[in-house]
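So the structure is just underneath, and the comments pick up after that.
The values are calculated or read from the model by the stated rules, or taken from the named source; none is laboratory data. Given the structure is predicted, the values throughout are model-derived calculations rather than measurements. So basically every Cβ, Gly included, is an ideal-geometry build from the backbone, and we count neighbours across all protein chains shown. These area figures cover heavy atoms from the full protein model, side chains too; ligands, DNA and RNA do not enter into them. Shrake-Rupley method; radii C 1.70, N 1.55, O 1.52, S 1.80 Å.
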Amino acid sequence: RGTARLHVQSQRELEQLTRRLASLPRMYLTVKGHTRSDGDPEANRLLAEERAGAAESYLIDKGLNPNRVRAEAASPGGTGGAVQAVTFELAQKPY
């Protein structure tokens, strides 16, 4: 909550994602960082970017080609833990 730190379980899941993407060389990944809608909008946007960036950096460090992944902030929305995370969008077309 309130950080972009990756937990151990998140790291394991990102490692699995990296391995799966190795078998899909024509696929591109967008990592979207999310935050709750309450609070300072600019701080929420920055936190969302940091969350997406942390996941993107970890994927690249584990071997994913940097040209195949892009991090971005999603619009703040909702409340609770579900919006304090990152989501992934897989596509066949480059950015």
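Structural remarks
- Only residues that are open to solvent by 40 Å² or more (accessible area, probe 1.4 Å) and either under 16 Å from Ser10 (Cβ atoms) or in a helix (DSSP H, G or I) (or both) were counted across the stretch 54-65, and they come to 5.
- Among (1) open to solvent by 30 Å² or more (accessible area, probe 1.4 Å); (2) within 22 Å of Lys93 (Cβ to Cβ); (3) of a type in the set (Ser, Thr, Tyr); (4) touching a helix residue (DSSP H, G or I) at 6+ places or on another chain (Cβ under 9 Å) - the single one Thr3 does not satisfy: (2)
- Single match in Arg51, Arg68 (criterion: open to solvent by less than 70 Å² (accessible area, probe 1.4 Å) and touching a helix residue (DSSP H, G or I) at 6+ places or on another chain (Cβ under 9 Å)): Arg68
- Residue pairs whose Cβ atoms lie under 7 Å apart, separated by 6 or more positions or on different chains, with the first residue in the stretch 69-86 and over 8 Å from Val31 (Cα atoms) and the second at pLDDT 80 or above and in a strand (DSSP E or B), are Ala73/Gly33; Ala74/Lys32; Ala74/Gly33.
- Options Arg70, Arg5, Arg26, Arg36: the member that is of a type outside the set (Gly, Ala, Ser) and not in a loop (DSSP other than H, G, I, E, B): Arg70
- Subset of the stretch 6-34 that is out of contact with any strand residue (DSSP E or B) (no Cβ under 8 Å at 6 or more places or on another chain) and open to solvent by less than 50 Å² (accessible area, probe 1.4 Å) - its residue that is nearest to Leu90 (Cα to Cα): Thr18
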